[in-house]
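The values are calculated or read from the model by the stated rules, or taken from the named source; none is laboratory data. If you're wondering where the values come from, they're calculated on a predicted model, not measured in any experiment. So basically every Cβ, Gly included, is an ideal-geometry build from the backbone, and we count neighbours across all protein chains shown. In case anyone asks, the SASA skips ligands and DNA or RNA and just uses the protein heavy atoms, side chains included. Shrake-Rupley method; radii C 1.70, N 1.55, O 1.52, S 1.80 Å.
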Amino acid sequence: MKILAIESSCDDASASIVEDGVNVLSLETLHQNEKFAKFGGVVPELASRGHVGLVFKAAKEALNKANITANIIDAVAVTFAPGLIGSLLTGLSFAKGFAIARGVPLIAVHHLKGHVASNYIENPKLKPPFLCLVVSGGHTSIFDVKNYNEFKIIGKSIDDAAGEVFDKVARYLEIPYPGGYYLDELANKGNPEAFVLPIPEISEFNFSFSGIKTWSINKIKENLEKSDFERFKLDMCASLRFSVVKYLSKNLISAAKKLGRTNIAIAGGVASNSLLRHVLKSKCELNGINFFCPSPKYCTDNAAMIGIQGFYEFKSGNTAPLDINAYANKKPIPEYIRSAL
Ligand code: KG4
Ligand code: ZN
């Protein structure tokens, strides 16, 4: 079964052809980073306007790269929630048009379930149940993945996402956008123990990042005019990365021990953080837990993960009606859709 998958929940427009829920025949992701560099972040209206042309281009290129034509496609899968509403609607409308024109089923995929599924692409050994930390610019959640379609959140950030902290601190440090990526590189040159950041202990497996963000911003303001700012910048990157990674891995390992899970995976843009991957790999080894992570191109937003999860949704009968809407977050999603998430 060949699925054309579309992902446009934020600023990247991505399309992929996925076969039988395992083979990624092609992946084309078109970025809008350059446009947003001068703003230091995504401007929602500009992102959705950009998608109007980019989603079509990405889909055409994905078909070309897979060397197939549209009439070979058996179904179209698309991210419908959560994300920037204008961006989601653009991808969803394209997918609906494709489904109507080709007479194929439409599959609506939840973005975070897609991130979890990115782990199946290169790790055929990974099968539910497992724990997955989804950590990105908008989310920090630990999911108990009971089977391919049933997920339970067992911990999450009660305020900012870890990626939001990296991006915001990077902005104050005048590091180019997207900040998390460059901060990771600079952190390798700094001292991770230069500063002790305040890590809040809140209810079991949950996170709170807003205090860490505010503390870091205040520290930067104190040091902005000092002559050794360049040294401070490297130490700040290293200390922030060290603290965030320690916090994420502590909660994730404790959750696995408590629930008796022997497989742990990570996903989302921050999952490509080099220290997070290194620390979790060694902590898992020490605790007899198998550790899985996608390669960086499948950590950030991409349509291949939507195609993989789309296959599992289709297999369990979760096709979408053509009047399905997009949802910026989970709360207002009607029950008949929510129950299938
Ligand atoms: O999953 P993603 O592409 O989009 C969202 O759904 O948010 O994640 C983007 C986030 C951004 O905050 C970016 O700064 C962060 O992932 N990121 C990183 C790294 N690469 C990207 N954060 C830490 N270390 C990295 N190497
Ligand atoms: Zn994402």
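Placing dummy labels 7 Å off each Cα toward the beta-carbon, the span from residue 185 to residue 217 is 2.6 nm. Less than 5 angstrom separates the built amide H of residue 107 from those of 76, 77, 78, 320, all sequence-distant by 5 or more or on a different chain. For the residue pair residue 285 and residue 100, what label-to-label distance in nm results when each label sits 7 Å from Cα along the Cα-to-beta-carbon direction? A separation of 5.5 nm, rounded to one decimal place. Amide H contacts for residue 292 (H built 1.01 Å from N in the peptide plane; partners 5 or more residues away or on another chain; cut-off under 5 Å): 264, 265, 266. Sorting the segments 127-140, 229-242 by their residues' average number of neighbouring beta-carbon atoms within 10 angstrom, most packed first, yields 127-140, 229-242.
Overall, the chain carries a charge dipole of about 480 debye about its Cα centre when +1 sits on the Cβ of Lys and Arg and -1 on the Cβ of Asp and Glu, all other atoms neutral. Of all DSSP-defined beta bridges confined to the chain, some 60% are antiparallel rather than parallel. The residues neighbouring residue 145, those whose beta-carbon lies less than 15 Å from its own, together hold a net charge of +4 under the Lys/Arg +1, Asp/Glu -1 convention.
Quick check: at a probe of 1.4 Å, how many percent of the accessible area of the range 213-317 sits on carbon and sulfur atoms?
On the way: 2330 of 4440 Å².
It is 53 percent, rounded to a whole number.
Taking the 1.4 Å solvent-accessible surface of the range 1-106 as the whole, the part contributed by carbon and sulfur is 55%. Take 27-36, 260-269, 7-16 and order them by the average number of nearby Cβ atoms within 10 Å per residue, most first; the result is 7-16, 260-269, 27-36. Beyond 24 Å between alpha-carbons counts as too far, so tell me which of 113/168; 35/233; 125/315; 113/315; 57/168; 213/297 fall in that bin. Going by Cα-Cα distance, 113/168; 35/233; 57/168; 213/297 fall outside the 24 Å limit.
Determine the per residue accessible area of the chain with all protein chains present and a 1.4 angstrom probe, expressed in square angstrom. Write out the running numbers ahead of the final one.
On the way: 14780 Å² over 341 residues.
It amounts to 43 Å² per residue over the chain.
Our analysis of the range 281-323 gives Rg over Rh at 1.21, with the two radii drawn from alpha carbon positions and Rh computed by the Kirkwood formula. Measuring spread by the Cα atoms of the range 162-239 yields a radius of gyration and Dmax of 12.4, 42 Å. Within straight-line reach of residue 281, meaning a Cα separation under 16 Å, sit the following lysines at least 8 residues removed in sequence or on another chain: 246, 250, 257. Give the shape of the range 228-312 as rounded, prolate or oblate, defined through the alpha-carbon gyration tensor: a ≥ b ≥ c are the square roots of its eigenvalues, a/c under 1.5 means rounded, and otherwise the shape is prolate if a/b is larger than b/c and oblate if not. Judged from the Cα gyration tensor, the range 228-312 comes out oblate (a/c at least 1.5, b/c at or above a/b).
For the chain, report the translational diffusion coefficient in µm²/s to the nearest whole number, using Stokes-Einstein at 4 °C, 1.567 mPa s, and a Kirkwood Rh over Cα pairs.
Values: Rh = 20.4 Å.
D = 63 µm²/s.
The 3J(HN,Hα) values that the Karplus relation (6.51, -1.76, 1.60; θ = phi - 60°) gives for the range 131-143 are, in residue order, 9, 10, 8, 9, 9, 9, x, x, 9, 9, 9, 9, 9 Hz. Gly and Pro appear as x.
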